[in-house]
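Worksheet: the structure to be examined is printed underneath.
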Amino acid sequence: MAAMLLSTMRSGSVSPSWAVRLAARSLSTTSSLQAQVQTKSKKTLARPGVKNIVLVEGVRTPFLLSGTTYADLMPHDLARAALQGLLHKTGLPKDAVDYIIYGTVIQEVKTSNIAREAALGAGFSDRIPAHTVTMACISSNVAMTSAVGMIAAGQCDSVVAGGVEFMSDVPIRHSRKMRKTMLSLSKAKTLGQRLGLIGSIRMAHLSPELPAVAEFSTAETMGHSADRLAAAFGVTRLEQDEFSVRSHTLAKQAQDAGCWRMSSPSKCQDNGIRVSSMEQMGKLKAAFIKPHGTVTAANSSFLTDGASAVLVMSEEKALAMGYKPKAYLRDFVYVSQDPKDQLLLGPTYGTPKVLERAGLSMSDIDVFEFHEAFAGQIMANLKAMDSDWFGQTYLGRKSKVGAPPMEKFNLWGGSLSLGHPFGATGCRLVTTVAHRLQREGGQYGLVAACAAGGQGHAMVIEAYPQ
């Protein structure tokens, strides 16, 4: 596929130089960011006989570089902090929730059902069931859509969903041979058996096994795959560096304007935002395919600690409790494709499907929030979406999906600059869309994300009438 894509996509219409043009345009001004605008008048996606399900509130901890401020905590500490933040912001009674669902990727072995441990720690009633889900980088997306499904089915009226990831302390295992020896030692009944097992240990057995951000089916790291994908779509190093500068610039402007205080009220701030010059970006060497790759540490998302939480309710329940919802959670889809050559193309596959389900077109969407795993991954998706050939060959369409307009796209920065706690990013994306719709006066927002395994998620969000 790579050779075909390379020859076909090099002339893609997604143009470079965003860092210069959009940094100048930026977010306009701080005052315009803070202005409340009336929502545009479009048709609503409400359907007769179908429950309206709403996002009441969303919060998150600051997203911090792993190994920094959160280094001595545990994952459930961060999840508990997010849940407590949600309780504080909403004034929600601790027994008023029917269910709690949390997403995570690399699990702490002591708290395998982190949803339950965090809920108990946050003070929720012990009568509230809780379970944990995992689907790589879209784990909290699954938590949210599971909440939507439970409410739509009439099983619940109020669900808390969220996600957490803690990369400062990941499980490191003994080698398999060492684990087998230790298990055998625990069963040994005589001193001779124990001495024999101890004598069988070799230095090689002591080598630890570290978790890797790699595909089990292909043994390829995600960064390596992103580099190949960028090459297949003719995404240059310059384009990737420019997009990364754009992400950090917009994130810094949003942070200075107080945009993130709505969802992250802590005095501590996201600490991964670094506004660099193109000259500084250009000095970095390839991180995965050496020496000629184009993916570097600076145009990739970084290892991050953080947690998020959202309160999802039926509209009827939310209004009965006196809440003013932020947004309607409308149609959503999950997609899956080849994990080798199309690992990170989830947004390209998910976007047209969710728009079709909702009866919308790209031009109807006022706010786009895509997960930025790598600048090359974002650029490859934009080029695939803007390609008639890709649409016809891989999506079974008559023409291209169309690339999101950059003046609507990730205007508060994204995972490249804010960080990407694997299990928590989905809730951050949805909450950001809700807040941007309110501030910008839009009606429809679209969230899209890729995930390990060649999977992806897309969701349409509708602003709640202001």
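The values are calculated or read from the model by the stated rules, or taken from the named source; none is laboratory data. Remember, it's a predicted structure, so these values are computed and weren't measured experimentally. Positions of Cβ are backbone-derived with ideal geometry, glycine not excepted, and every protein chain shown enters the neighbour counts. Note: areas computed on protein heavy atoms with side chains; ligands, DNA, RNA excluded. Shrake-Rupley method; radii C 1.70, N 1.55, O 1.52, S 1.80 Å.
Filtering region 167-183 for residues that are in contact with a strand residue (DSSP E or B) (Cβ under 6 Å, 6 or more places away or on another chain) and closer than 30 Å to Asp98 by Cβ leaves an empty set. Residues in region 46-61 that are open to solvent by less than 60 Å² (accessible area, probe 1.4 Å) and touching a helix residue (DSSP H, G or I) at 6+ places or on another chain (Cβ under 8 Å): Asn52, Ile53, Val54, Leu55, Val56, Glu57, Gly58, Val59, Arg60, Thr61. Has region 243-254 got any residue that is more than 24 Å from Met406 (Cα to Cα) and open to solvent by 50 Å² or more (accessible area, probe 1.4 Å)? Among the residues of region 243-254, not one is more than 24 Å from Met406 (Cα to Cα) and open to solvent by 50 Å² or more (accessible area, probe 1.4 Å), which makes the answer no. Just one residue in the set Val37, Val56 is within 22 Å of Glu440 (Cα to Cα), outside any helix (DSSP H, G or I), modelled with pLDDT of 95 or more and not aromatic (Phe, Trp, Tyr); that residue is Val56.
Please find, within region 290-348, the residue that is most open to solvent (accessible area, probe 1.4 Å) out of those that are within 30 Å of Gly91 (Cα to Cα) and part of a loop (DSSP other than H, G, I, E, B). Taking the candidates together, the pick is Lys324. Listed by first and then second residue, the pairs with beta-carbon distance under 9 Å, at least 6 apart or on different chains, first residue in region 292-310 and closer than 17 Å to His76 by Cβ, second among the basic types (Lys, Arg) and open to solvent by less than 20 Å² (accessible area, probe 1.4 Å), are Gly306/Arg60; Gly306/Arg428; Ala307/Arg60; Ser308/Arg60; Ser308/Arg428; Ala309/Arg60. Within region 255-275, the set of residues being surrounded by fewer than 17 Cβ atoms within 10 Å (Cβ to Cβ) and among the polar types (S, T, N, Q) comprises Ser266, Gln269, Asn271. Would you confirm whether or not region 383-399 contains a residue that is open to solvent by 10 Å² or more (accessible area, probe 1.4 Å), among the acidic types (Asp, Glu), part of a helix (DSSP H, G or I) and in contact (Cβ under 8 Å) with a residue 40 or more places away in the chain? So far as region 383-399 goes, no, none of its residues is open to solvent by 10 Å² or more (accessible area, probe 1.4 Å), among the acidic types (Asp, Glu), part of a helix (DSSP H, G or I) and in contact (Cβ under 8 Å) with a residue 40 or more places away in the chain. Can you say whether Gln438 is open to solvent by 10 Å² or more (accessible area, probe 1.4 Å) and modelled with pLDDT of 95 or more, as far as the supplied structure shows? Against the criterion (open to solvent by 10 Å² or more (accessible area, probe 1.4 Å) and modelled with pLDDT of 95 or more), Gln438 qualifies. Of all residues in region 237-280, which are without any contact (Cβ under 8 Å) to a residue 40 or more places away in the chain and charged (D, E, K, R)? Scanning region 237-280 gives Arg261, Lys267, Glu279.
Restrict the check to region 417-427 and report whether at least one residue is surrounded by fewer than 21 Cβ atoms within 10 Å (Cβ to Cβ) and in contact with a Lys or Arg (Cβ under 7 Å, 6 or more places away or on another chain). Among the residues of region 417-427, not one is surrounded by fewer than 21 Cβ atoms within 10 Å (Cβ to Cβ) and in contact with a Lys or Arg (Cβ under 7 Å, 6 or more places away or on another chain), which makes the answer no.
Taking the criterion of being in contact with a Pro (Cβ under 6 Å, 6 or more places away or on another chain) and either open to solvent by 10 Å² or more (accessible area, probe 1.4 Å) or among the polar types (S, T, N, Q) (or both), the only residue of region 369-382 that qualifies is Asn381. Within region 198-236, the set of residues being assigned to a helix (DSSP H, G or I) and surrounded by fewer than 18 Cβ atoms within 10 Å (Cβ to Cβ) comprises Ile198, Gly199, Met203, Ala204, His205, Leu206.
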